[in-house]
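Trainee: Right, I'll just put the structure down here and ask away after.
No lab work stands behind these numbers, since they all come straight from the coordinates. Bear in mind that the values here come from a model prediction, so they are computed numbers and not experimental data. Counting neighbours? That spans all protein chains shown, and the Cβs are built from the backbone with ideal geometry, glycine included.
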Amino acid sequence: GENVEQHPSTLSVQEGDSAVIKCTYSDSASNYFPWYKQELGKGPQLIIDIRSNVGEKKDQRIAVTLNKTAKHFSLHITETQPEDSAVYFCAARPAGGTSYGKLTFGQGTILTVHP
Amino acid sequence: DSGVTQTPKHLITATGQRVTLRCSPRSGDLSVYWYQQSLDQGLQFLIQYYNGEERAKGNILERFSAQQFPDLHSELNLSSLELGDSALYFCASSPRPWRNTGELFFGEGSRLTVL
């Protein structure tokens, strides 16, 4: 089955700096790669996603890049703010089948943004 | 607020017992997914139901079972509980397939503690 590795496990930055979180996946058939943000006491919430036919996607301060050949994808957050502090999860979903929700998640990155 | 409701929020029970976790998906969503989040295993997909039928299975133990009712709410039954079953159990839902962007909407979770 799919295996997703996520690094780093913790990341501490100053407000205004950029943050980068990287993930690798093992199943070359995976074609959908979402990123979820989980705040304390809440469930994960989708912040951005990318499909395998796209190399990069941006949404304001957040961007995701995908390298299918190397089987890795990254989350980039620019101009970080204290409210960006949370746990971030990458995930991968294999192609085919009928389950949109059968995601394999990485272990998570605890991001702390210091004012 | 994702629109997904989970009850109870917290549950403390003893080994060997049985518990039922309940989930109400977002209005109009036909798919319900159950995930387990623990410190050592991260977020693990357990099972998916679509309009009352089981659609996909993940790493769900035989001691666990789930169902989705005609009103689309779902229940996750955990029996013969062990200490290692202590975790956060998340329910997520997603829109009808032709509207599905891939996003899952997670509830706030049910925290199960087995003593």
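Trainee: Compute the distribution of all C-alpha to C-alpha distances in chain B, in bins of 10 Å from 0, and list the percent of pairs in each, rounded to whole numbers.
Mentor: Whole-percent P(r) values from 0 Å outward: 15, 50, 29, 6, 0.
Trainee: Along the charge dipole of the range A:4-58, pointing to its positive end and built from +1/-1 on Cβ of Lys, Arg, Asp and Glu, which listed residue (A:Trp35, A:Ile50, A:Tyr25) has its Cα farthest out?
Mentor: So the residue we want is A:Ile50.
Trainee: Where does the longest stretch of chain B lie that holds no trypsin sites (Lys or Arg not before Pro) found in a DSSP loop with 14 or fewer other Cβ atoms within 10 Å?
Mentor: B:64-115
Trainee: Another question about this same structure. Given Cβ point charges of +1 (Lys, Arg) and -1 (Asp, Glu) and nothing else, what value in debye, to the nearest 20, does the dipole of the range B:45-115 about its Cα centre take?
Mentor: For the range B:45-115, the charge dipole is close to 200 debye.
Trainee: I want the local charge near B:Gly107. Using Cβ-Cβ distances under 11 Å, sum +1 for each Lys or Arg and -1 for each Asp or Glu among the other residues.
Mentor: Result for the local shell: +2.
Trainee: Considering the alpha-carbon set of the protein assembly as shown alone, what are its Rg and its Dmax in angstrom?
Mentor: Looking at the protein assembly as shown, its Cα Rg and Dmax stand at 17.5, 50 Å.
Trainee: Considering the dipole of the protein assembly as shown built from charges on the beta carbon (Lys and Arg +1, Asp and Glu -1) around the Cα centre, which of B:Thr113, B:Pro95, B:Trp34 is farthest to its positive end?
Mentor: Checked the options; the winner is B:Pro95.
Trainee: Additional query: To the nearest whole number, what is the average tally of beta carbon atoms from other chains within 10 Å of the beta carbons of peptide A:67-76?
Mentor: Details: counts 0, 0, 0, 0, 0, 0, 0, 0, 0, 0.
What the average comes to for A:67-76 is 0.
Trainee: Around A:Ala86, what is the net charge, scoring Lys/Arg as +1 and Asp/Glu as -1 over all other residues with Cβ under 15 Å from its Cβ? Provide the component values of the computation, followed by the final result.
Mentor: Details: positive: A:Lys37, A:Lys42, A:Arg61; negative: A:Glu15, A:Glu39, A:Glu83, A:Asp84, B:Glu108.
So the surrounding residues net to -2.
Trainee: Hey, which of these cross-link pairs are over 21 Å Cα-Cα: A:Lys42/B:Lys9; A:Lys58/B:Lys57; A:Lys22/B:Lys57; A:Lys37/A:Lys102?
Mentor: Those over the limit are A:Lys58/B:Lys57; A:Lys22/B:Lys57.
Trainee: Now a separate question. Report the semi-axes of the equivalent ellipsoid for chain A in whole Å, largest first, where each axis is √(5λ) for an eigenvalue λ of the Cα gyration tensor.
Mentor: 24, 14, 12
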